[in-house]
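Enquirer: The structure's right below; bear with me while I get my questions together.
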Amino acid sequence: MSFDRFIPQCLLGAPLRRSIALVGLLTILAASFSAHAGGTRIWELAGFAELDKGELKQTTVSSRGEVTVGAMASRLDLDDVGLVWSAVKGKAGVIYLGTGYDGKIFRVKGGKATLIATTDQLVVTSLALDKRGDLYAAALPDAVIWKIPKPSKIVAGKPVKATKWTTLPSDVKHVWALVFKDQGKTLYAGTGPQGQIFAVGPDAKASVYMDTDEEHIMCLVDAGKNRLLAGTSPGALLLEITGPGRSSALADFDATEVKAIVHRKGDIVVAVNKFKTPPAIPTKPKITTPSIGTIISKLSTTKPSRVGDGELHRLHENGAMEKLWNRKKVHVVSLAIDGKSRIYAGLATGGKIVSVDEDRLTRTELDLDERQVMVLLTRGDELVFAATGDAGAAYNISAPRPSEAQYLSPPLDAGTIALWGRLRWFGHGKLRVQSRSGNTLAPDRSWSDWSKDLKNGGAVPSKRARYLQLRFSFARDKKAVLRSVELSFAPINRRAVITEVNPDSPFFKVGKTSTSKSTKKDVLEPSKRTIIARVESKKKRAELKLKWKMDNPDSDKLRYRLWYRAVGRKVWRPILKDDYVLTVSSYAWNTESVPEGRYQIKLLADDSPSNDPSEALSDKYISVPVLVDNHQPTVDALGFAAGKVKGKAKDSFSAISALDFSVDGGPWMPIFCVDGIFDEVVEEFDFKLTEKLEPGPHAIAVRAYDRAGNMGSAEIHVETK
């Protein structure tokens with residue numbers, strides 16, 4: 001409890017005969033509190049949601065809350081490109097890119113991008129290669145399919161003009177997707193706004209292959225066995241097409257579009273987005289003279305026109321549908337799958353690429369400079385290529401250089417100027433850690449330089465400021481893992497201002513306005529996962545409450561099993577006996593016999609109470625480290641001389657978090673430690689009672705709290721004259 005909140009509670013509850021003495025003591029202590037009256041606070045950076053706010057440089061963060069060495073993205077030269085919308089893989093590692101806003105087509109080989117063709121269109125929306133190696137392109141705004149013969153033979157510096165191969169009927173306004181089937185003999189085109197799929201043979205004659213009730217066919221995939229898979233908008237249907245005019249809906253999503261489809265080993269994965277308004281159709285910019293630079297500049301400084309909610313779903317070969325991933329206000333614009341069935345999704349905000357493996361472990365694989373990841377390509381078991389919009393860029397993706405692998409934390413926002421205390425990080429391996437601080441949310445020249453390397457458990461030397469950022473380098477150990485960070489800090493105190501007094505009034509809190517969230521583009525999101533260091537625990541002694549949430553699509557009855565292990569150890573120990581059946585999503589763990597330390601909890605959930613044993617399914621989750629500490633701190637060497645009280649508070653494991661004192665059984669009053677910040681297991685205190693005690697016997701008590709909420713106290717008896 002902070003000092004300013006403690007005063008009125010003490011005054012209201014204190015007997016009148018003690019009020020004068022209490023006011024005197026408050027006056028005495030006020031000066032010593034002025035520097036740090038805000039109290040010690042603790043910043044914890046832990047869990048995927050918080051860690052994912054940081055900046056990844058050849059590192060990755062998983063849904064288990066672990067930062068490790070990741071992949072490296074090498075940017076290619078791609079001049080005057082507003083966005084890369086489409087791509088197709090050719091032979092010998094060649095990649096072809098369809099771009100906007102001048103409808104250009106590039107060939108990428110190795111680390112070089114070469115302009116090979118132009119279309120005089122706005123955006124090249126899809127590319128496909130036939131069995132002879134000829135390239136076909138769909139573009140906006142004309143409903144034309146373009147052809148570029150032998151694109152691998154086009155000489156650098158001598159781009160060709162794409163030729164019109166076929167023109168679709170006049171009621172077709174947009175061509176979104178192209179795919180070859182029948183051993184490369186027939187090209188299929190997904191179109192809008194009539195939701196039709198056209199088949200185009202070698203003679204370039206187009207005919208309606210499928211006429212749906214939807215408006216747009218957003219994506220097409222050859223699924224083998226005479227099957228086409230199609231994703232639609234605005235109904236968000238996943239269609240299976242087995243012949244001319246023959247289709248069935250495999251899934252009907254509560255969304256606006258099925259944006260992308262991939263499949264492997266009979267399983268189908270789809271990216272589904274939900275928007276408040278239907279997808280907008282790109283239009284030619286009304287800008288004259290070299291326009292592309294202006295367009296790129298505008299794209300990079302404005303917020304996205306539409307932000308939707310994105311989901312990934314997997315349709316198993318047996319027909320079961322499983323939600324793999326979902327995110328609010330983050331939609332998916334590209335999808336890929338590798339040889340190990342790991343799924344990669346390119347997001348439309350933040351330039352991030354996420355992956356989901358077969359165990360549903362999610363990772364943020366890359367954090368690119370641009371905003372939209374429009375293209376993803378895999379080769380074998382690896383993601384090898386990505387391209388972006390807002391603005392256009394292309395990247396080769398390869399193994400990282402551990403010497404350059406870094407993770408930059410989101411800035412800690414202390415709310416005001418703060419004094420930094422001791423920093424601790426948890427994981428394993430050798431990490432090089434540095435800090436810097438400043439008073440602007442986005443680090444700039446006004447920030448301090450990066451500090452020297454910090455010791456785990458040591459003090460942060462960066463200057464006092466509102467914001468602090470940490471940099472973790474994996475140069476010393478490519479197998480290192482960062483799981484969580486804990487920092488003690490003390491914000492400077494700010495004056496409390498009374499704005500309203502409504503005792504027993506029905507109008508209290510009525511009509512209060514809420515603060516709206518910022519909608520500025522790409523605002524760096526600070527981490528505010530902080531608590532007041534002082535913990536006054538209401539738990540039963542030695543009891544640690546465990547709670548969890550489940551996504552239970554079948555509403556099955558579930559059984560839970562729990563284990564624990566010390567951080568850094570391999571052996572899991574059971575929390576529950578084998579015959580104990582836990583079916584509620586919480587448990588009060590008695591840790592009385594558990595040595596003090598930091599522990600991880602493993603939870604296993606299965607649906608065996610509702611299913612035959614041969615059909616039962618399970619999932620497991622490993623928590624971030626938790627603190628177990630049931631030992632009380634002690635107050636030692638308590639002494640009083642010349643009106644001054646001295647002593648030490650000690651704990652065997654946790655840092656001391658608060659100190660109070662009381663005179664003659666009066667109200668408990670907070671005091672600070674000598675160094676002004678509670679972040680060590682031993683804290684000295686030294687305060688003077690300048691208000692002279694009345695002659696006679698007196699009892700002075702001091703109590704100490706540790707970080708886990710345990711309390712210990714000591715008392716001395718003195719005789720004043």
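The values are calculated or read from the model by the stated rules, or taken from the named source; none is laboratory data. Everything numeric in this text was worked out from a predicted model, so none of it was measured. Don't worry about glycine lacking a Cβ; one is built from the backbone with ideal geometry, like all the others, and counts go over all protein chains shown.
Enquirer: Out of all the residues in the range 118-160, which are within 20 Å of Gly82 (Cα to Cα) and in a strand (DSSP E or B)?
Expert: Across the range 118-160, the qualifying residues are Thr118, Val123, Val124, Thr125, Ser126, Leu127, Ala137, Ala138, Ala139, Leu140.
Enquirer: Taking Leu122, is it of a type in the set (A, V, I, L, M, F, W, C) and either surrounded by 24 or more Cβ atoms within 10 Å (Cβ to Cβ) or farther than 21 Å from Asp390 by Cβ (or both)?
Expert: Here the answer is no, as Leu122 does not meet what is asked.
Enquirer: Of the numbered conditions (1) at pLDDT below 50; (2) assigned to a helix (DSSP H, G or I), Ala35 fails exactly one; give the number of that condition.
Expert: If we test Ala35 against (1) at pLDDT below 50; (2) assigned to a helix (DSSP H, G or I), just (2) comes out false.
Enquirer: Looking at Asp578, Asp556, Asp612 in this structure, which one is at pLDDT 90 or above, among the acidic types (Asp, Glu) and not assigned by TED's automatic domain parsing to the domain that holds Ile656?
Expert: Just a single option satisfies the conditions, and that option is Asp578.
Enquirer: Only one of (1) aliphatic (A, V, I, L, M); (2) more than 20 Å from Glu55 (Cβ to Cβ); (3) at pLDDT 95 or above is not met by Ile417, so which one is it?
Expert: Every listed condition holds for Ile417 apart from (3).
Enquirer: Take the range 556-573 and flag every residue that is more than 13 Å from Gly427 (Cα to Cα) and part of a strand (DSSP E or B).
Expert: Hits for the range 556-573 are Arg559, Tyr560, Arg561, Leu562, Trp563, Tyr564, Arg565, Arg573.
Enquirer: Determine if the range 198-220 includes at least one residue that is under 20 Å from Leu324 (Cβ atoms) and touching a strand residue (DSSP E or B) at 6+ places or on another chain (Cβ under 7 Å).
Expert: Within the range 198-220 (the criterion being under 20 Å from Leu324 (Cβ atoms) and touching a strand residue (DSSP E or B) at 6+ places or on another chain (Cβ under 7 Å)), the answer is yes, since at least one residue qualifies.
Enquirer: Of the residues that sit in the range 145-174 and are touching a strand residue (DSSP E or B) at 6+ places or on another chain (Cβ under 6 Å) and of a type in the set (A, V, I, L, M), which one is nearest to Ser207 (Cα to Cα)?
Expert: Leu168
Enquirer: Hey, Thr277 hits all of (1) modelled with pLDDT under 85; (2) surrounded by 15 or more Cβ atoms within 10 Å (Cβ to Cβ); (3) in a loop (DSSP other than H, G, I, E, B); (4) β-branched (Val, Ile, Thr) but one; which does it fall short on?
Expert: Only one criterion is unmet by Thr277, namely (2).
Enquirer: Would you call Val624 surrounded by 14 or more Cβ atoms within 10 Å (Cβ to Cβ), in the same structural domain as Trp548 (by TED's automatic domain parsing) and under 28 Å from Pro595 (Cβ atoms)?
Expert: yes
Enquirer: Of the residues that sit in the range 187-214 and are farther than 17 Å from Lys173 by Cβ and without any contact (Cβ under 8 Å) to a residue 24 or more places away in the chain, which one is surrounded by the fewest Cβ atoms within 10 Å (Cβ to Cβ)?
Expert: If we take residues in the range 187-214 being farther than 17 Å from Lys173 by Cβ and without any contact (Cβ under 8 Å) to a residue 24 or more places away in the chain, then Asp203 is surrounded by the fewest Cβ atoms within 10 Å (Cβ to Cβ).
Enquirer: If I filter the range 355-363 for residues that are modelled with pLDDT under 95 and either touching a Gly at 6+ places or on another chain (Cβ under 8 Å) or not assigned by TED's automatic domain parsing to the domain that holds Lys91 (or both), do I get at least one hit?
Expert: No, the range 355-363 contains no residue that is modelled with pLDDT under 95 and either touching a Gly at 6+ places or on another chain (Cβ under 8 Å) or not assigned by TED's automatic domain parsing to the domain that holds Lys91 (or both).
Enquirer: On the given criteria, is Ala137 modelled with pLDDT of 95 or more, out of contact with any Gly (no Cβ under 7 Å at 6 or more places or on another chain) and not aromatic (Phe, Trp, Tyr)?
Expert: No.
Enquirer: Could you check, for the range 164-180, whether at least one of its residues is surrounded by 23 or more Cβ atoms within 10 Å (Cβ to Cβ), small (Gly, Ala, Ser) and outside any helix (DSSP H, G or I)?
Expert: yes
Enquirer: With respect to Ile700, is the statement that it is of a type in the set (A, V, I, L, M, F, W, C) and part of a strand (DSSP E or B) true?
Expert: For Ile700, the condition - of a type in the set (A, V, I, L, M, F, W, C) and part of a strand (DSSP E or B) - is met.
Enquirer: Can you tell me which residue is surrounded by the most Cβ atoms within 10 Å (Cβ to Cβ) among those in the range 62-90 that are assigned to a loop (DSSP other than H, G, I, E, B) and among the small types (Gly, Ala, Ser)?
Expert: So the residue we want is Gly70.
Enquirer: Hey, another quick one. If you scan the range 238-260, which residues turn out to be within 17 Å of Lys323 (Cβ to Cβ) and assigned to a strand (DSSP E or B)?
Expert: Leu238, Leu250, Ala251, Asp252, Glu257, Val258, Lys259, Ala260
The rows are residues; the columns are (1) within 24 Å of Gly597 (Cα to Cα); (2) modelled with pLDDT of 90 or more.
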position: Gly643; (1), (2): no, no
position: Ala649; (1), (2): yes, yes
position: Asp686; (1), (2): no, yes
position: Thr690; (1), (2): no, no
position: Ala701; (1), (2): no, yes
position: Ala708; (1), (2): yes, no
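Enquirer: Would you say Gln183 is polar (S, T, N, Q) and farther than 23 Å from Gly231 by Cα?
Expert: Answer is no for this residue.
Yes/no per residue for (1) β-branched (Val, Ile, Thr); (2) part of a strand (DSSP E or B); (3) touching a helix residue (DSSP H, G or I) at 6+ places or on another chain (Cβ under 6 Å):
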residue: Glu50; (1), (2), (3): no, no, no
residue: Leu56; (1), (2), (3): no, yes, no
residue: Thr60; (1), (2), (3): yes, yes, no
residue: Ala92; (1), (2), (3): no, no, no
residue: Ala113; (1), (2), (3): no, yes, no
residue: Ile116; (1), (2), (3): yes, yes, yes
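Enquirer: May I pose another question? Go through the range 588-669 and tell me which strands (runs of 3 or more DSSP E), entirely inside it, have 3 or more residues that are under 36 Å from the mean Cα position of the chain (by Cα).
Expert: Because the criterion is at least 3 residues that are under 36 Å from the mean Cα position of the chain (by Cα), the strands (runs of 3 or more DSSP E) in the range 588-669 that meet it are 597-606, 618-622, 626-628, 656-663.
Each row is one residue, and each column tells you yes or no for (1) touching a Phe, Trp or Tyr at 6+ places or on another chain (Cβ under 9 Å); (2) among the charged types (D, E, K, R).
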position	(1), (2)
Leu627	yes, no
Gly639	no, no
Val645	yes, no
Lys648	yes, yes
Ser652	no, no
Ile671	yes, no
Ile677	yes, no
Leu689	yes, no
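Enquirer: Also, I was wondering about something else. Filter the range 250-270 down to residues that are small (Gly, Ala, Ser), touching a Leu at 6+ places or on another chain (Cβ under 7 Å) and more than 18 Å from Gly192 (Cβ to Cβ), then give me how many there are.
Expert: 1
Okay, residues lined up against (1) under 13 Å from Val626 (Cβ atoms); (2) surrounded by fewer than 12 Cβ atoms within 10 Å (Cβ to Cβ):
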{"position": "Asp551", "(1), (2)": "no, yes"}
{"position": "Ser555", "(1), (2)": "no, yes"}
{"position": "Leu558", "(1), (2)": "no, no"}
{"position": "Val567", "(1), (2)": "yes, no"}
{"position": "Asp578", "(1), (2)": "no, yes"}
{"position": "Ser593", "(1), (2)": "no, yes"}
{"position": "Tyr599", "(1), (2)": "yes, no"}
